[in-house]
Amino acid sequence: MNDKKFKYQELLAKFPNCPPADYIEIENGAFRWIHGKDHENNFKPINLISDPPPRMLDETDNMCKGFGLSLFDSIENAYKKYKELYCKKREHQREDFINEKGRYIATLKLLCSDGVAGSFSKSGHFTFHEYESTNLKNRMESSFFSIFGADGKFVS
């Protein structure tokens, strides 16, 4: 790992090897679920939005990931994973899912100077830990993809 300071460094320091030593700087397009253009939680790690569930308290790898951002390698993969998770929810849980995750997909261009990324999963997901000076909100493209149409159904 390099000696650049991470956003949330004091929280990451509580976990061994966080972010993991095999995370690397990348230049890549990235896609993230968001709430809209200026929502405060768009680029906030899940562990800072809500307390992690108790079952994760001893899983340091997952706790570390929870202080990173979930990103995808393509808009298609971001959309597919969102739809998959949404459809697994019971009807009464779906609105909560939208309120937690958002209803849009933002496009970003990551630079090596932004932070480090974990390996990409088969679904195209990866965890990204930002450097202290990174502001991904300013790097988001002005237009973003709406997951739902005006009728409330998934966009095809």
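Structure notes:
- Note on region 1-27: residues that are of a type outside the set (A, V, I, L, M, F, W, C), farther than 28 Å from Asn99 by Cα and outside any loop (DSSP other than H, G, I, E, B) total 1.
- Conditions (1) in contact (Cβ under 8 Å) with a residue 40 or more places away in the chain; (2) in contact with a helix residue (DSSP H, G or I) (Cβ under 6 Å, 6 or more places away or on another chain); (3) surrounded by fewer than 19 Cβ atoms within 10 Å (Cβ to Cβ); number of the one not met by Ser146: (2)
- Residues that are assigned to a loop (DSSP other than H, G, I, E, B) and surrounded by fewer than 17 Cβ atoms within 10 Å (Cβ to Cβ) within region 104-118 comprise just one, Leu111.
- Listed conditions (1) modelled with pLDDT under 95; (2) in a loop (DSSP other than H, G, I, E, B) are all met by Ser121, apart from (1).
- So Phe126, is it touching a Phe, Trp or Tyr at 6+ places or on another chain (Cβ under 7 Å) and assigned to a strand (DSSP E or B): yes
- Matching residues, region 38-50, being in contact with a strand residue (DSSP E or B) (Cβ under 9 Å, 6 or more places away or on another chain) and of a type outside the set (Phe, Trp, Tyr): Asn41, Asn42, Lys44, Pro45, Ile46
- Residue count for region 57-92, restricted to those that are at pLDDT 95 or above, over 29 Å from Glu27 (Cα atoms) and part of a helix (DSSP H, G or I): 3
- Qualifying residue in region 114-133 (condition: in contact with a strand residue (DSSP E or B) (Cβ under 8 Å, 6 or more places away or on another chain), more than 14 Å from Phe43 (Cβ to Cβ) and basic (Lys, Arg)): no
- For region 129-143, the tally of residues that are over 15 Å from the mean Cα position of the chain (by Cα) and either buried (at least 17 other Cβ atoms within 10 Å of the Cβ) or part of a loop (DSSP other than H, G, I, E, B) (or both) stands at 5.
The values are calculated or read from the model by the stated rules, or taken from the named source; none is laboratory data. Predicted, not measured: the structure shown is a model, and the values here were computed from it. Glycine also receives a Cβ, built like all others from the backbone with ideal geometry; neighbour counts cover every protein chain displayed.
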